[in-house]
Structure formats: C-alpha cells, structure tokens
C-alpha cells in the first residue's frame, strides 16, 4: 500500500525593529504600537483584498477605503497595544517584579482606559477592565506552556 509523509515545522515570526527613545518605558510602548499596529493593518488589507476578490471588483474607491481602514485599524490596535505594553512595564517597575500579575493589572488598566475613551458607560468600563486583565493573564499563561 502506498504511503506518504509530510514533515515540517512552524515557528513564530521574529520582527526586531529597535527605536531607542532613551527611555525604556517609551521604547516598550513604541515597540508594542509598531508591532501590533502592523499586524492590525495587515489584517485590514487582507480582509479588504478578500472582499474585493469575492466581489470581482477592484476600483480606486476600494483602494482608498482599504488604505483608510488600514490606517484606522493600525492606529487603534497599535495604540491599545502600546498602552498595554507601557502599563505592564510600568506596573513591573513599580512592583519590582516580572510575573503574570503585571500582565493582569496592565490588561485591566488598558481595558478600562480604552473603554473609557470610547464609551462612557461605567458598567462597560468595569467589564472591559476584567476582560483586559483576563486576556492578558491568559496570554502570559499560554506563552509559558511548554
């Protein structure tokens, strides 16, 4: 009986862009903004490309819409990531330790801050703080699985 085998490996991409502002807090914040903002912008372009292909229509209007959406998504997610990375770093400096608690506190503060800026519903701000803390904590735990 014929058989075949597939072998390969998958690893996370490594992007190393260094912008030195002279301040470690700002360096971390800018790094988070650039990396996550780039991912969000790429996602927006991929979605708009898929939509244009699906419709079978590509026009200047579609390209302008894609560019605007790419900038908006990149700026929004990059800003949220920059705030989170800065918060986590700041909490770590204040606490004097690097552990999952920094991620939880940084995520909660970021969730509350982003929610407060975009929404004035107090219950929603608290809910988003819990969500941000939970997601950040889960991310740390998942990264430490081996």
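Screening 87, 70 for residues that are within 23 Å of the chain's Cα centre (by Cα) and farther than 20 Å from residue 115 by Cα leaves exactly one candidate, 70.
Residues are listed down the side, and each one gets a yes or a no for (1) assigned to a helix (DSSP H, G or I); (2) assigned by TED's automatic domain parsing to the domain that holds residue 143; (3) crowded, with 21+ Cβ neighbours inside 10 Å:
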position: 85; (1), (2), (3): yes, no, yes
position: 90; (1), (2), (3): yes, no, no
position: 103; (1), (2), (3): yes, yes, yes
position: 107; (1), (2), (3): yes, yes, yes
position: 113; (1), (2), (3): yes, yes, no
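Residues that are surrounded by 15 or more Cβ atoms within 10 Å (Cβ to Cβ) and under 23 Å from residue 21 (Cβ atoms) are absent from the stretch 115-124 altogether.
For the stretch 109-123, give me each residue that is more than 15 Å from residue 81 (Cβ to Cβ) and in contact with a helix residue (DSSP H, G or I) (Cβ under 6 Å, 6 or more places away or on another chain). Those that are more than 15 Å from residue 81 (Cβ to Cβ) and in contact with a helix residue (DSSP H, G or I) (Cβ under 6 Å, 6 or more places away or on another chain): 112, 115, 116. For residue 81, are the conditions met, namely being in the same structural domain as residue 33 (by TED's automatic domain parsing), surrounded by 14 or more Cβ atoms within 10 Å (Cβ to Cβ) and part of a helix (DSSP H, G or I)? Against the criterion (in the same structural domain as residue 33 (by TED's automatic domain parsing), surrounded by 14 or more Cβ atoms within 10 Å (Cβ to Cβ) and part of a helix (DSSP H, G or I)), residue 81 qualifies. Of everything listed in (1) modelled with pLDDT under 95; (2) under 22 Å from residue 141 (Cα atoms), the single unmet condition for residue 118 is (2). When the test is whether a residue is farther than 23 Å from residue 88 by Cβ and out of contact with any strand residue (DSSP E or B) (no Cβ under 8 Å at 6 or more places or on another chain), residue 29 does not pass it.
The values are calculated or read from the model by the stated rules, or taken from the named source; none is laboratory data. The shown structure was predicted, so the numbers you read here are calculated from the model rather than taken from an experiment. Every residue, glycine as well, gets a Cβ built from its backbone with ideal geometry; the counts of neighbours run over all protein chains shown.
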